[in-house]
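Below is one structure, written out as structure tokens; the observations come after it.
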Amino acid sequence: MTSRERILSLFQGKEVDRLGLMPITMMFAANQSGERYGKYAVDHRVLVEAQLVTSERFGFDHVSAITETREAPDCGARIQFFEDQPYAIDESQSRLIDKTDLASLEMPDPLGGNLMHDRVKGLALLKEKVGSEKVVEGWVEGACGAGADLLGINRLMLDFYDDPEFVRDLFEFVVELGLRFGRAQIEAGADLIGVGDPAASLVGPQIYREFVWPYEKKLIDGLHEAGGAARLHICGNTRDILADMGRLGCEIVDIDSMVAISEARAAMGPEQILAGGLDPVAVLQNGSPDQVRQAVTECHRDAGPRYIAAAGCEVPPGTPVANMDALAEYARSARTAD
């Protein structure tokens, strides 16, 4: 069974030969290829080479084009770039510091020679390199995270109360942009689109259900209509919105280490594919290989057969190779029914 066959069969509810292995790697992947992350984050050729090296070295079932937001810079957000760390948005000069600018904000073209286009080119090259052997994963920003990237996280949190109609207009804009970007990635060869919405864990369940969930649902349904699968990634403590996350219909839902996999399984039911659960710092980076094996064994036990081995969030750049080997060895040796 190829990696791609394994994951797509899992999506379809079919039996597979062993656990899937799909950790999120960004800075870790750059390190494996000997490149500075500053180049990896903006040059698809560097990203592709690093993903190929890392996926082959550890036997991942996927290659991924995830980086920081591509959408916000292409909308004109002011960005600070660094040589060997993720680029950052300057929220003191947010793109929508004047909120009336939203009405005239031009929707950027994902194929317009910008950072979004660079990701699309990266996905096409990844597909060319891996063919039908591995899952090719693209990435878009979810409604809450994308809105915060343009408005600023603190202003967004206030506007849920102070200006809810503006928040809805903002989310309409970023979801339409996400759909255009996601479709372009699927057309380039992506099998799966990750939807990163870390800011969604910062709101309470009432705000999530009223404001965030409907737009995440619109985005995910649109990705499905375009022919792609969806992977939801909300960092942080999502305990109070687990059931809502499960209702979105994503093929994969990532669970950060702040929430027990057993809680996610209870809230989402037996059919939802869960990924993650391992503490990326305390266990994967700072633990021993034995601790990694113990942690992933427990996650697999609590998740049951519909589980994909991964850390709860991005693999830290300082993670020892021996620890990643331990994670990979467990996935290769474990049957889904173990």
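Laboratory data are not the source of any read-out in this text; all were calculated from the coordinates shown. Every value quoted in this text rests on a predicted model; they were computed, and no experiment measured them. In this analysis, Cβ positions are derived from the backbone assuming ideal geometry, glycine residues included, and neighbour counts consider all displayed protein chains.
What the table shows:
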{"quantity": "Of all residues making up the range 6-36, the number that are without any contact (Cβ under 8 Å) to a residue 24 or more places away in the chain and surrounded by 17 or more Cβ atoms within 10 Å (Cβ to Cβ)", "calculated": "2"}
{"quantity": "Verdict on ARG78 being more than 25 Å from ASP163 (Cβ to Cβ), surrounded by fewer than 16 Cβ atoms within 10 Å (Cβ to Cβ) and not polar (S, T, N, Q)", "calculated": "no"}
{"quantity": "Residue within the range 102-124 that is over 21 Å from the mean Cα position of the chain (by Cα), of a type in the set (Asp, Glu) and assigned to a helix (DSSP H, G or I) present", "calculated": "no"}
{"quantity": "Tally of residues being free of Cβ contacts under 8 Å to residues at least 40 places away in the same chain, buried (at least 18 other Cβ atoms within 10 Å of the Cβ) and assigned to a helix (DSSP H, G or I) across the range 209-232", "calculated": "2"}
{"quantity": "Flag for PRO73 being part of a helix (DSSP H, G or I), surrounded by 19 or more Cβ atoms within 10 Å (Cβ to Cβ) and either over 17 Å from the mean Cα position of the chain (by Cα) or among the polar types (S, T, N, Q) (or both)", "calculated": "yes"}
{"quantity": "Residue in the range 308-321 that is closer than 19 Å to SER262 by Cα, touching an Asp or Glu at 6+ places or on another chain (Cβ under 6 Å) and surrounded by 15 or more Cβ atoms within 10 Å (Cβ to Cβ) present", "calculated": "yes"}
{"quantity": "Long-range neighbours under 6 Å by Cβ, at least six apart or interchain, first residue in contact (Cβ under 8 Å) with a residue 12 or more places away in the chain and among the β-branched types (Val, Ile, Thr) within the range 264-283, second surrounded by fewer than 21 Cβ atoms within 10 Å (Cβ to Cβ) and part of a helix (DSSP H, G or I)", "calculated": "VAL283/GLN291"}
{"quantity": "Test: residue in the range 263-273 that is more than 22 Å from ILE66 (Cβ to Cβ) and touching a strand residue (DSSP E or B) at 6+ places or on another chain (Cβ under 8 Å)", "calculated": "yes"}
